[in-house]
Amino acid sequence: MKQMILILILSLLTGCFSAQSAQKSGPSFHPSRKPVEIAFFGADTSGTDTDMNRSDMIRIVRIIPEENTVKILALQRDTMALIPGYGFTKINKAHDMGGGTSALAALNANLDLRITEYVSFSFESLITLADLIDGVELELSAQEALILYGIGLEGTYHLDGKQLLAFCRMRKTDDDWHRMERQNRVIRAILRKMKGSSLSELCAIFRRLSSTADFHLSPESLRMTAEMMKKGNTKIQTETFPFSPSAIARNLTIDGIDQIYELHDLRAEVCQAHRWLYETDGCVLSPAFEELAGSMYEQYPVDGEESAHQ
């Protein structure tokens, strides 16, 4: 939901960390060059063990320093997944079961990944950030303006934190793919607004944001990311999972939870995710994932799926 917070938390956090490292380590500071994967979860709450909720935003970020590239894979929150200790439901429910730790376990299991680092943050983070920079200007369609302002007139509008949150969560007007594009528009607007801010200003903003986020990142990841951010020309690539609406076979209702997206071929989508993230031609899925996928289609068979994978 809040991809803009994801990018800005990385840049703010690593910018402050970099300044502190420079003071402690001097010019001998050299980051690791190994790629890093970090999961990001945006939820109604901070994502701590005592304060949980479903993750409205789920992102996998792969940072590739040798290529000066950041890849961001956005997961549809309603995608069907096996939640350890619960069963099959929407993948966003994992955060509600145990915060960022549970959400990360579900993400790894259902996409056959081995991510160890994550950041979990709240809706309040976006409101706080937007209000700290006095909102942003956005071009709105007539329908978007009608929803946010009650005025069906397209044009440029000034949005504060609560309005930006409503804009990012807007869904009934179209679908999740359009909603992700709206989130990208907000990213660009916030980055434009913050361009030229001093390091002290950025660190002050991060300190305010850190109270609504749960960080599980290694110092090595922070140092490496900080070095990339200094270059100022980092390439950002984005994709979504599943990779197209046609990958969704049907919407299920399980235990009273509706609109659960079951995919035609979970294995194929996961392989495509691996190929995109890791830039490889092949795909070898683990026995544990194969068992998970088999169990999903055994309990909730999709026409043609069983015969295709027997």
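The values are calculated or read from the model by the stated rules, or taken from the named source; none is laboratory data. Fair warning: this is a prediction, and the values are worked out from it, not measured in the lab. Here the Cβ is made from the backbone with ideal geometry for all residues, glycine too, and neighbour counts use every protein chain on show. Quick note on the areas: whole protein, heavy atoms, side chains included, nothing else; ligands and nucleic acids left out. Shrake-Rupley method; radii C 1.70, N 1.55, O 1.52, S 1.80 Å.
List of remarks:
- For the stretch 121-134, the criterion of being crowded, with 18+ Cβ neighbours inside 10 Å and acidic (Asp, Glu) is satisfied by no residue at all.
- Residues of the stretch 58-67 satisfying the condition of being part of a strand (DSSP E or B) and either in contact (Cβ under 8 Å) with a residue 60 or more places away in the chain or at positive phi (or both): Ile60, Arg62, Ile63
- Taken as a whole, the structure leaves Arg267 outside the set of residues that are touching a strand residue (DSSP E or B) at 6+ places or on another chain (Cβ under 8 Å), under 21 Å from Leu82 (Cα atoms) and either open to solvent by less than 20 Å² (accessible area, probe 1.4 Å) or modelled with pLDDT of 90 or more (or both).
- Of the helices (runs of 4 or more DSSP H) lying entirely inside the stretch 68-154, those containing at least 3 residues that are within 25 Å of Gln272 (Cα to Cα) and modelled with pLDDT under 95 are 93-111.
- If you filter the stretch 246-256 down to residues that are touching a residue at least 40 places away in the same chain (Cβ under 8 Å) and surrounded by 14 or more Cβ atoms within 10 Å (Cβ to Cβ), you find that the one that is nearest to Ile60 (Cα to Cα) is Ala249.
- Tally, over the stretch 146-168, of residues that are surrounded by 12 or more Cβ atoms within 10 Å (Cβ to Cβ) and among the hydroxyl-bearing types (Ser, Thr, Tyr): 2
- Filtering the stretch 103-159 to residues that are among the β-branched types (Val, Ile, Thr) and either under 22 Å from the mean Cα position of the chain (by Cα) or over 22 Å from Thr173 (Cα atoms) (or both) leaves Ile115, Thr116, Val119, Ile127, Thr128, Ile133, Val136.
- Residue that is touching a residue at least 40 places away in the same chain (Cβ under 8 Å), under 20 Å from Met180 (Cβ atoms) and surrounded by fewer than 13 Cβ atoms within 10 Å (Cβ to Cβ), where the choices are Gln259, Gln299: Gln259
- Verdict on Asp174 being over 26 Å from Leu75 (Cα atoms), of a type in the set (Asp, Glu), open to solvent by 20 Å² or more (accessible area, probe 1.4 Å) and over 18 Å from the mean Cα position of the chain (by Cα): no
- Residue count for the stretch 155-181 satisfying the condition of being among the hydrophobic types (A, V, I, L, M, F, W, C) and assigned to a loop (DSSP other than H, G, I, E, B): 1.
- In the stretch 277-289, the residue that is least open to solvent (accessible area, probe 1.4 Å) out of those that are in contact with a helix residue (DSSP H, G or I) (Cβ under 8 Å, 6 or more places away or on another chain) and within 17 Å of Arg114 (Cα to Cα) is Phe289.
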